[in-house]
Amino acid sequence: MRIKWLTIALLAAAPGLAQQPATPPASAPVQQTAAPGQQPPPLEVSVTGGISAPLPIAIPVLPAAATVQTPAGSTDELGAKLAEVMTADLKNSGLFTPLGAERLRAIGYDEVTAPQFDYWGGTGVQALVQGFVRANGDGTLTVGCYLYDVFAKAELTRQGFVVSPADWRRAAHKCADTIYARLTGEGPYFDSRVAYVSETGPKGRRIKRLAIMDQDGANHRFLTNGQSIVLTPRFAPNQQTIVYMSYVNDQPRVYVYDIGSGRQRLVVQNASLTFAPRFSPDGRYILFSMAVGGNTDLYRVSVNGGAAQRLTTSPGIDTGGSYSPDGGRIVFESDRSGSQQLYVMDADGGNQRRISFGGGRYATPVWSPRGDLIAFTKIAGNFRIGVMNPGGGGEKLLTDDWQDEGPTWSPNGRVLMFFRATQGSSGKADIWSVDLTGVNLRRLPTPLDGSDPGWGPLRP
């Protein structure tokens with residue numbers, strides 16, 4: 001569902017909403033007030049320090065214009081839930097230390113646009129989020145959120161959203177995204193979804209089902225029943241379909257799943273083994289690997305079907321292709337040199353060149369949405385998640401566990417999600433995330449074990 005963004009003039013009877021663009025920061029935050037007669041320092045968040053200097057921010061319960069029962073609960077209850085989701089989003093980013101609603105006094109509806117800055121300054125926070133929730137006559141909800149600089153006693157941005165009661169969490173994510181973008185200068189990512197493989201059962205007989213959830217683990221839904229093993233799900237740019245590999249009749253084949261209808265279709269209509277699929281950034285093609293005559297190469301095919309175009313021809317295994325965000329280049333893995341290494345080529349298969357030269361093997365490359373980095377799995381004793389620039393320089397490893405693999409990027413290119421397998425006979429795997437500092441590492445909640453995450457674009 002597309003959320004309606006509001007631009008409303010400020011009214012005396014109710015808080016108003018308006019859109020303002022985010023601006024990039026110039027420096028890290030400082031915890032100080034201005035000297036008499038001087039302007040306070042700008043309120044900004046450093047995105048390079050991870051959790052070393054998170055910004056203290058207050059997020060009290062969002063008051064309701066009136067207590068009204070909705071299918072998602074009363075507006076009073078929703079005000080508390082909205083604050084909880086925003087608090088969790090900002091805390092999980094590693095860049096903020098939120099004071100949650102349970103530690104703060106309640107605010108009145110008339111305070112939303114008139115903060116008590118002297119009170120908030122005494123709590124030690126530098127930023128304040130206030131907002132409201134209102135039930136509309138057509139059954140929808142209006143959620144407004146305002147961001148204030150406590151030291152400067154100034155409003156930084158405001159935003160509002162009209163949603164169905166079922167989509168109240170999305171409004172909370174959108175508010176958190178507005179705050180995050182304004183204070184960091186980075187793109188938003190909280191209102192997004194993840195497709196992944198849900199796993200259960202003993203290691204030798206794992207049941208693997210296709211599932212989707214919000215990026216924080218909420219709104220979880222199974223898409224397949226587990227009768228066939230599924231792997232490597234990836235969202236289409238329009239988020240209406242998911243491409244993935246499935247072992248139907250013990251043959252690895254690439255399928256496209258329509259989220260709305262629940263129908264799936266085979267991508268390539270022949271008996272060859274196909275795997276490792278991914279959409280092109282414009283959604284016109286599906287890039288995948290196909291084994292023909294004992295050789296595995298990269299191919300692309302129109303999303304509408306038809307003949308597949310072969311992109312690589314070298315002996316060995318070429319797989320794991322991922323487009324650059326402009327669609328002009330492809331990074332992939334190949335063992336043509338004798339071990340798994342990373343290569344980059346033009347989108348038509350030309351100008352192939354190797355970019356990884358460190359010790360060990362490299363696998364599962366994926367291009368950042370910002371175009372500045374390529375994430376990968378580094379195999380050198382253990383499995384670790386790392387990044388390098390598209391030319392192969394600047395290699396940096398972000399994790400150090402027994403088996404971390406399969407990275408996928410957040411929509412803003414700052415956070416990586418991956419899966420971590422445990423040692424031993426259990427075969428247990430969980431989904432984790434880490435930011436580019438390598439500091440903010442956390443496990444995502446899933447109902448069962450989880451692997452092969454594919455982070456989707458920001459939702460409209």
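The values are calculated or read from the model by the stated rules, or taken from the named source; none is laboratory data. As the structure is a prediction and not an experimental result, all values here were calculated from the model. Virtual Cβ from ideal backbone geometry, glycine too; neighbours counted across all protein chains shown. Only protein heavy atoms, including side chains, enter the accessible area calculation; ligands, DNA and RNA are left aside. Shrake-Rupley method; radii C 1.70, N 1.55, O 1.52, S 1.80 Å.
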Compute the angle between helix 75-92 and the longest alpha-carbon principal axis of the chain, please, reported from 0 to 90 degrees and rounded to the nearest 10.
60
Roughly speaking, to the nearest percent, how much of the chain's 1.4 Å accessible area is carbon and sulfur?
50
Calculated FRET value between residue 66 and residue 240, using beta carbons and R₀ = 35 Å, to 0.05:
0.40
On the formula 1/(1 + (r/R0)^6), with r taken between the Cβ atoms of residue 314 and residue 400 and R0 of 22 Å, the FRET efficiency rounded to 0.05 is 0.10
Any idea what the dipole of segment 308-356 comes to, in debye rounded to 20, about its Cα centre with Lys/Arg Cβ at +1 and Asp/Glu Cβ at -1?
120
What is the set of long-range amide H partners of residue 398 at a cut-off below 5 Å, with H atoms built 1.01 Å from backbone N?
385, 386, 387
224, 157, reordered so the largest accessible area comes first (probe 1.4 Å):
224, 157
Can you tally the net charge around residue 296? Count Lys and Arg as +1, Asp and Glu as -1, for every other residue whose Cβ sits under 13 Å from the Cβ of residue 296.
-2
Tell me, what HN-Hα J-couplings in whole Hz come from the Karplus equation 6.51 cos²θ - 1.76 cosθ + 1.60 at θ = phi - 60° for each residue of segment 410-415, using x for Gly and Pro?
5, x, 9, x, 9, 10
Using modelled amide H (1.01 Å from N, peptide plane; none on Pro or chain starts), what sits under 5 Å from the amide H of residue 364, excluding residues fewer than 5 places away?
377
Determine the distance separating the Cα centre of segment 340-365 from the Cα centre of segment 73-152; give it in Å without decimals.
47
Angle, helix 168-184 long axis vs. longest principal axis of the chain, Cα atoms, 0 to 90°, nearest 10?
90
Per-residue ellipticity at 222 nm for the chain, helices alone: DSSP H runs ≥ 4 residues times -39500 (n - 2.57), over residue total, nearest 500 deg cm²/dmol?
-3000 deg cm²/dmol
For segment 298-306, what does the Karplus curve 6.51 cos²θ - 1.76 cosθ + 1.60, with θ = phi - 60°, yield as ³J(HN,Hα) per residue in whole Hz, taken in order and with x for Gly and Pro?
8, 9, 9, 9, 4, 4, 8, x, x
Please get the size of the charge dipole for segment 372-460, origin at its Cα centre, with Cβ charges of +1 on Lys and Arg and -1 on Asp and Glu, quoted in debye to the nearest 20.
160
Surpassing 29 Å at the alpha-carbon level, of the pairs 91/203; 81/396; 174/203; 203/378, are 91/203; 81/396; 174/203
The chain: relative contact order in percent, alpha carbon pairs under 8 Å with at least 6 residues between
11
Using amide H atoms built 1.01 Å from N in the peptide plane, name the residues 5+ places from residue 296, or on other chains, whose amide H lies under 5 Å from its own.
316, 318
Expressed as a whole number of Å, what is the distance separating the alpha-carbon centroids of segment 415-460 and segment 177-198?
16
Quick one: how many Å² of residue 442 are accessible to a 1.4 Å probe, rounded to 10?
50
Kindly report the accessible area of segment 276-428 per residue (heavy atoms of protein chains, probe 1.4 Å, no ligands, DNA or RNA), in Å².
38
To the nearest 20 debye, what is the magnitude of the charge dipole of the chain about its Cα centre, counting +1 on the Cβ of each Lys and Arg and -1 on the Cβ of each Asp and Glu?
1000
When ligands, DNA and RNA are left out and all protein chains stay put, how many square angstrom of accessible area per residue does segment 168-273 have with a 1.4 Å probe?
39
Under the Karplus relation 6.51 cos²θ - 1.76 cosθ + 1.60, θ = phi - 60°, what is the ordered set of whole-Hz ³J(HN,Hα) values for segment 368-382, x standing for Gly and Pro?
5, x, 7, x, 8, 9, 10, 8, 7, 9, 9, 10, 8, x, 9
